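Student: Quick one: the structure is below, and I'll ask about it shortly.
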Amino acid sequence: FIVAVTACTTGIAHTYMAQEALQKVAAEMGVGIKVETNGASGVGNQLTAEDIRNAKAVIIAADKAVEMDRFDGKPLVNRPVADGIRKTEELINLALSGNAEVYRAANGA
């Protein structure tokens, strides 16, 4: 199980295109996923502390700032939103590979 956040600066098409791509490819790969969208209408499908705790890794596919401290201690892949659409399988494989860098919050949360 992994979690992801998708976001783009305008918060319209790319946010949701990346969400759909991640969900579709994860399903094809047999990987459970929950995707939070950070779009024009605000945050959708918000990740809970339990979602994050249960996740093996985190994918951020975003072109704008995302609340990151909540991912402290988790393997995290941080890429532009376009990679969430075009390099979806690569992102999921990297997140699950054990080679993703462990995120450390600036404030040491």
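The values are calculated or read from the model by the stated rules, or taken from the named source; none is laboratory data. Because the structure is predicted, anything quoted here is derived from the model rather than measured. Here the Cβ positions follow ideal geometry from the backbone for every residue, glycine too, while neighbour counts run over all protein chains shown. Surface areas here come from the heavy atoms of the whole protein model, side chains and all, with no ligands, DNA or RNA. Shrake-Rupley method; radii C 1.70, N 1.55, O 1.52, S 1.80 Å.
Student: Collect the residues in the stretch 66-104 that are among the β-branched types (Val, Ile, Thr) and in contact with an Asp or Glu (Cβ under 7 Å, 6 or more places away or on another chain), keeping them in residue-number order.
Tutor: Answer for the stretch 66-104, where residues must be among the β-branched types (Val, Ile, Thr) and in contact with an Asp or Glu (Cβ under 7 Å, 6 or more places away or on another chain): just Val81.
Student: Does the stretch 30-75 hold any residues that are among the hydrophobic types (A, V, I, L, M, F, W, C) and open to solvent by 30 Å² or more (accessible area, probe 1.4 Å), and which are they?
Tutor: Ile33, Ala40, Val43, Ala49, Ala65, Met68
Student: Could you check the stretch 10-22 and list, in sequence order, the residues that are touching a helix residue (DSSP H, G or I) at 6+ places or on another chain (Cβ under 9 Å) and either open to solvent by 10 Å² or more (accessible area, probe 1.4 Å) or at positive phi (or both)?
Tutor: Answer for the stretch 10-22, where residues must be touching a helix residue (DSSP H, G or I) at 6+ places or on another chain (Cβ under 9 Å) and either open to solvent by 10 Å² or more (accessible area, probe 1.4 Å) or at positive phi (or both): His14, Met17, Gln19, Glu20, Ala21.
Student: Gly84 - would you say it is under 13 Å from the mean Cα position of the chain (by Cα) and surrounded by 19 or more Cβ atoms within 10 Å (Cβ to Cβ)?
Tutor: When the stated conditions are applied, Gly84 passes them.
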